Amino acid sequence: MTLRGKCPRLWHVRRLTFPALGAGALGAQSNGAALIGLFYAERNREYPLRIPVMSVGRSGANTLTIRDERIAAHHVRIERENSRHVLVVTASEAVTTLNGRPLSTGERQPLQDGDRIGLADLEFLFIGDHRIGVLSRLWVVSGVHRGKTFRIAGPEARIGRATDNDVQFPDRSVSRHHCRIVRDEDVWWIEDLESTNGTILGGAPILARRQLHHGDQIVVGYSKFVFQEGEQPLENPKLEPSPPCN
C-alpha cells in the first residue's frame, strides 16, 4: 500500500534523540521505578530505571541523550541507593528543578513517587513503581518511535501527529488526529478518526470501532506498535525494519 506523506523526520521536535531499547529488553517486564516523558513527542514515553545509574544530558556518552541546546552535556544522574532513587545535579550551566524548585550543582535529592524533574524547559515524572496507574502500553516495533514504549494511564488515548495527542508520532504519514484507543466497561476499543492513510488492526483496515485485545498489532502510517493490556505478560515484541518510504 502506498501511503501519503513523506518519510518520518524528527526535525520539528527540536532534534530530540533517545537510545532505543534492544529487542531483548523491549518486552521485558520489571517492577522497578521509571521516568515518564512529559514533553513533545516523548510525552507518556516510559523509561524504566533498570540500571544502578542513569545519566542524562546532551552528550552521546549519557545513558539518556537529549539533543537540545538548552540541556547540558552532562545534566543529571539518577542513582539507585538500596530501595530509593536519588537525583544528582551534575550541570553548572543549565537549569535543573525538582517540583519547580531550582537545584544547585552537586545537590543530591531523594526522589519520591510523583516528583517532577525539570531539565531546562523539559520535564519528566518520576514513578516509584511503574506498574501503578497503568491501564495499557504501546510497544513500538517499527517507524519513527521504533524501540520506545508509551504508557496509557487513562481510559482514552489519542494518537496522531499533532502535539495535543496523548501519543504523538512526528511522522507526516500519520494524520494530525489519527486514531484513538478507548476503554469502555473493561473492554478496549480502537477507532480510526478519518485519517488519510487509515489505521490497520491485525492486517485489516479499521472501518468502524473494533475491539482491541492484548497483543494486537496496530499500524498507523509507517509505524507499527503492539498493544499490552495492563500488566499481562507480553511475549517479546521483535523490532522490525521500518517500511521503505514511497
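Structure notes:
- Boolean, GLN217 is touching a Leu at 6+ places or on another chain (Cβ under 6 Å) and either closer than 14 Å to VAL140 by Cβ or charged (D, E, K, R) (or both): no
- Within the range 37-63, if we keep just the residues that are over 20 Å from LEU103 (Cα atoms) and of a type in the set (A, V, I, L, M, F, W, C), the residue that is surrounded by the fewest Cβ atoms within 10 Å (Cβ to Cβ) turns out to be ALA61.
- Candidates in the range 158-215 are the residues that are of a type in the set (Lys, Arg) and within 22 Å of the chain's Cα centre (by Cα); of these, the one that is modelled with the lowest pLDDT is ARG172.
- Taken over the range 110-142, the criterion of being in a strand (DSSP E or B), within 19 Å of ILE181 (Cα to Cα) and open to solvent by 20 Å² or more (accessible area, probe 1.4 Å) is satisfied by no residue.
- Only residues that are modelled with pLDDT of 95 or more, closer than 12 Å to ALA33 by Cβ and either open to solvent by 90 Å² or more (accessible area, probe 1.4 Å) or not aliphatic (A, V, I, L, M) (or both) were counted across the range 82-109, and they come to 1.
The values are calculated or read from the model by the stated rules, or taken from the named source; none is laboratory data. Since we're looking at a predicted model, the values are computed, not measured. Note that each Cβ is placed from the backbone with ideal geometry, even for glycine, and that neighbours are counted across all protein chains shown. For accessibility, only protein heavy atoms count, side chains too; no ligands or nucleic acids. Shrake-Rupley method; radii C 1.70, N 1.55, O 1.52, S 1.80 Å.
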